[in-house]
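Novice: Below you will find the structure I want to go over with you.
Values in this text are rule-based calculations from the coordinates and carry no lab data. Only a predicted model underlies this, so the values are computations on that prediction, with no experimental measurement involved. Cβ placement follows ideal geometry from the backbone for every residue including glycine, while neighbour counts extend to all protein chains displayed.
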Amino acid sequence: MKLIYHFFLVIAAFLSMEGIAWFSHKYIMHGLLWILHKDHHQKNPKRAWEWNDAFVVMFAIPAWLFIMYGMMDNYDYKFYIGIGVTMYGLAYFLVHEIIIHRRFFKGASSTNVYVTAMRKAHKVHHSYIEKHPGDNFGFVLFIPWHYFREAYHDYRSSKIASSGSKTSK
């Protein structure tokens, strides 16, 4: 029974981070701490690192504290919350930095509908180079549905076009 409880704590913490990431992105990164987030929207191609990368540390500290204090308290609920937050941080890194921005692997590509929808929403978000206005502050779950419809339509169109070109040869 305890294993199920711990599992659900990890999942709940992970899912809660989507809302926290949305809120932080909209009201902190595009608000009070725009000075750090600005270079993520106004890229300098000569720099490998951005001031925006400081947010990694800011989000890692609470996760580390949850894990540390949870371990000190005989692996209580805090430990599992910290694990869920850390897993979200890893997912964020993989999806945002590698899949969407292709920051470390320039050639990475995908025709997956979900990935395409995330990229479309993120591209619209990055079309704003100033603090305001902004749009699409979500990360994994808070993506407007019309991006999924567009991505699915693009996917179906490419499949139909590619299957038609194979039969015409």
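Novice: In what sequence do F14, F23 fall when counting other Cβ within 10 Å, fewest first?
Specialist: Working: F14 19, F23 12.
Final ranking by Cβ density, sparse to dense: F23, F14.
Novice: Can you sort H96, H153, H37 so the residue with the fewest Cβ neighbours within 10 Å comes first? The partial results should precede the final answer.
Specialist: Working: H96 17, H153 11, H37 22.
By the 10 Å Cβ count, ascending, the order reads H153, H96, H37.
Novice: Can you pull out the trypsin sites (Lys or Arg not before Pro) in segment 5-65 that DSSP calls coil and that have at most 11 other Cβ atoms within 10 Å? Could you put the intermediate results ahead of the total?
Specialist: Numbers: sites: K26, K38, K43, K46, R47; in loops: K43, K46, R47.
When the trypsin sites (Lys or Arg not before Pro) of segment 5-65 are filtered for loop state and at most 11 Cβ neighbours within 10 Å, K46, R47 remain.
Novice: Length gain on complete extension for the stretch M68 to Y5, per 0.36 nm per residue less the alpha carbon to alpha carbon distance?
Specialist: Details: separation 63, 0.36 × 63 = 22.68 nm, distance 1.93 nm.
Gain on extension, M68 to Y5, equals 20.8 nm.
Novice: Using θ = phi - 60° and the Karplus relation 6.51 cos²θ - 1.76 cosθ + 1.60, list the HN-Hα couplings for segment 12-25 in order, rounded to whole Hz, with x at every Gly or Pro.
Specialist: Once rounded to whole Hz, the list reads 4, 5, 4, 5, 4, 5, 4, x, 5, 5, 4, 4, 4, 5.
Novice: Could I ask something else about it? Mind checking the full-extension length gain between I28 and Y77? Use 0.36 nm per residue of separation minus the Cα-Cα distance, one decimal, nm.
Specialist: Values: separation 49, 0.36 × 49 = 17.64 nm, distance 2.76 nm.
Net length gain for the segment: 14.9 nm.
Novice: I need Y92, Y155, Y5 ordered by Cβ neighbour count within 10 Å, fewest first.
Specialist: Fewest to most other Cβ atoms nearby, the residues stand as Y5, Y155, Y92.
Novice: Calculate, in nm to one decimal, what K123 and S157 gain on full extension: separation in residues at 0.36 nm each, minus their alpha carbon distance.
Specialist: Values: separation 34, 0.36 × 34 = 12.24 nm, distance 2.07 nm.
The K123-S157 span can extend by a further 10.2 nm.
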